[in-house]
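Derivation of every value follows stated rules applied to the coordinates shown; laboratory data play no part. No experiment lies behind these values; they were computed from the predicted model shown. Cβ coordinates were reconstructed from backbone atoms using ideal geometry, including for glycine residues, and neighbour counts include every protein chain displayed.
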Ligand SMILES: [Zn+2]
């Protein structure tokens, strides 16, 4: 999106953006009643992240795309527990700060890449939730088909390769994944989740970390995970599709893409068998290639049947 447009009406500005014309940033969007509510929500979410120990020191950042070229975000060097609405900033989609007395987070470019790539993404939360980050520092993604709510709200998690935080290269690591995943692990770093609302993006972080915690506890029991059956999993995916939530399993050739998403080379079958016995050590990419192919076929068939029934 290189060109600029001069529309001032909100609907027209979003329409321009959808056509690839980026409107000039409007600083007044920082002080509207909507902005006031969003700032309160961002501060509440910051406090939740800190209380759940998902952010440490000044870590983590939260943002909301309030206009087609305007993003309200957290500043750098402020604990998410201590955030107040007066601390927040506004940047344009190029990362230029438009409003705010404190400098915007140095990781804002990560959020902006997501907003530019996914029109449905209006909010992003980046944090370092310990149990999810345990996966990120081992290069593993959590296995699927264990807890139904996780399948619906998060689903398959991608893992982006490591890059130095705050750089453009770091921000771009998520680009291959964010259209079909609302949750991406960042290797040796943490996680980023997007949604239509700030609160929901934070929920996705909670759902991810609780899931990873359960998997860690289950691994200590030494018994293999019980898996949701293919038939029941297809029900979940069909419901998810109706809810309009993204999932890479809706795409054709999902098995192939899920291997690419993990960034890992598939292991020999003998290694897979040995790792399968350790439950939580098994990655989604290793488990699900064949299952996902079957699920996609089934969901497609059910969707066609539903369409026929209407
Ligand atoms: Zn970080």
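Listing for the model above:
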read-out: Zone residues, the range 21-61, relative to residue 79, backbone N less than 19 Å from point 7 Å out along Cα-to-Cβ; value: 42-61
read-out: Cβ-derived FRET efficiency at R0 30 Å, residue 231 paired with residue 56, nearest 0.05; value: 0.10
read-out: Mean separation of Cα contacts under 8 Å (6+ apart) over length of the range 135-224, as relative contact order %; value: 29
read-out: Residues residue 106 and residue 213, FRET efficiency given R0 of 35 Å [Cβ-Cβ distance, rounded to 0.05]; value: 0.75
read-out: Gap separating the Cα centres of the range 185-204 and the range 58-81, nearest whole Å; value: 13
read-out: For the range 9-143, radius of gyration divided by Kirkwood radius, i.e. Rg to Rh on alpha-carbons; value: 1.00
read-out: Contour minus Cα-Cα distance for residue 8 and residue 44 (0.36 nm per residue); value: 9.9 nm
read-out: Normalised per residue, the volume of the convex hull around the Cα set of the range 21-256 (Å³); value: 126
read-out: FRET E, pair residue 134, residue 221, Förster distance 25 Å, beta-carbon r, rounded to 0.05; value: 0.90
